[in-house]
Structure formats: structure tokens, C-alpha cells
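Each remark here refers to the structure printed beneath this line.
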Amino acid sequence: MKIKSYLFVFVLLFIALSSCVEKGYDWDDVNKEGAFSHESGLSIRIGDFDTITFKRQLEVPVVVDIEYIKEFEGLFSDEMYSYFVYDNNGKDEPLGDIKFEADFVSRIKNAAEKNFSDFELSTYILNENDEDTGIQIDRQIYKSDVEQPQLFVVNIKKDDIVKLKDAHKMQLVFKFQSRMVEASDYVLIENIWLKLTGGVSFNI
């Protein structure tokens, strides 16, 4: 099996992701600390998503269902995809599973008074035509009234890696219930790490 140099992959991944998720995201701001090994795989910090604020709702006397969709472009590129696969006689073969891991931080003011429920978060990876690529990602639940960071995880299994060739954006669908959403209510998804299984140890 032909395996690419992971040190080379590491450097190029930083370049490919330098225009990624954050406005003003810059190569100089990239945290260049990381490690990858046969046991834990490649691990690279790629930044933070922009602040997620919800469309303001007028206060109502009863709890209502709310759905909010947020999309992020710039996470995927042809160059990045090429580092997740190797050429096996003209066929793309994935190197391993991929995981986006981050801190989910809820900043909902007076959540109990608003009858603010937990967030039900579904994640989809779409192509340039806004069609689902078919990558299966588990739904997650987050507490709205917890100030401490909660673990945000997007697992992409090895069998789904080749579908990333058509990936264009990540779509987050928030479903929750509340009597009110204020302009000051927001969610952060920050300290995002990209992890790839397999590799060798390194120290920069």
C-alpha cells in the first residue's frame, strides 16, 4: 500500500485550511502544535466557527418549536481531500476515519425563564448544489443552560471519506423549543481540531 509522507500532509493541510472557518483567519494565527501517531492519528487545530446567533423571536406565552440553519463554507477543498486518500491503481482509497472535534459553548441568557430546551443538532455535508453528500453523521444533544464547554464531534467514517470529494459546505441544523430568543443569545463552536487516524509521531 502506498502511503504519503504524513509530515508533508501536515504542512499542506495547514495551507489548505488557512482560508477556512473564521473571518480574518490567517496562516500566522494557526496553532502549529500537534501530534500524530499510529495510535492517535493526525491532529491539527484549524480555528473557530463564527459566532452563531439565532433569529430574534418575539416573546410568546407558550413554548414553540424553533429550527435554525447555519452553514459554513471553506472547510473542504480538492487539495484537502487528496490528503485523506491514496491512489490505489486509479481508485481513491481512504487512509482512515476523520473527526472534527470542538468545544460547544452555549450562551443563552436566563434559559430556564424562557423555557429554553436542549439543542438538538444535526450536521450535514453538502455539495456545491446544496445536496446532501450522503455522509452519515450522528445527531447530537447539547444543554442550553450549561456554561461549561460541551464536546462537539463530527465523525466521518472511513467508508464515507470518498464522498468528501464532492463536499462544499457543512450545514448545522439546530432544533429547540423556547418562548423567546433574544438578540444576545448565541452559541460558539470553537477550538476545532481535525483528526485523522493513522500516521507517525512528530514534533514541531
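The values are calculated or read from the model by the stated rules, or taken from the named source; none is laboratory data. Please read these numbers as outputs of a predicted model, since none were measured by experiment. Here the Cβ is made from the backbone with ideal geometry for all residues, glycine too, and neighbour counts use every protein chain on show. Surface areas here come from the heavy atoms of the whole protein model, side chains and all, with no ligands, DNA or RNA. Shrake-Rupley method; radii C 1.70, N 1.55, O 1.52, S 1.80 Å.
Roughly how many percent of the accessible protein surface of the range 52-204 is carbon and sulfur, given a 1.4 Å probe and a whole-percent answer?
Whole-percent figure for carbon plus sulfur exposure: 42.
What number comes out for accessible area per residue over the range 121-204 if the probe is 1.4 Å? Units Å², please.
Per residue, the range 121-204 has an accessible area of 52 Å².
Under the classification rounded if a/c is under 1.5, otherwise prolate if a/b is larger than b/c and oblate if not, where does the range 43-100 fall, given a ≥ b ≥ c as square roots of the Cα gyration tensor eigenvalues?
Prolate shape, in that a/c is at least 1.5 and a/b is the bigger ratio.
Please identify every one of the trypsin sites (Lys or Arg not before Pro) in the range 129-180 that sits in a loop by DSSP and has no more than 15 other beta carbons within 10 Å of its own beta carbon.
Loop-located and lightly packed - Arg139, Lys157.
Enumerate the amide H contacts of Ile46 below 5 Å, restricted to partners 5 or more residues apart or on another chain; note that Pro and chain-start residues carry no placed amide H.
Result for Ile46 returns Ile192, Trp193, Leu194.
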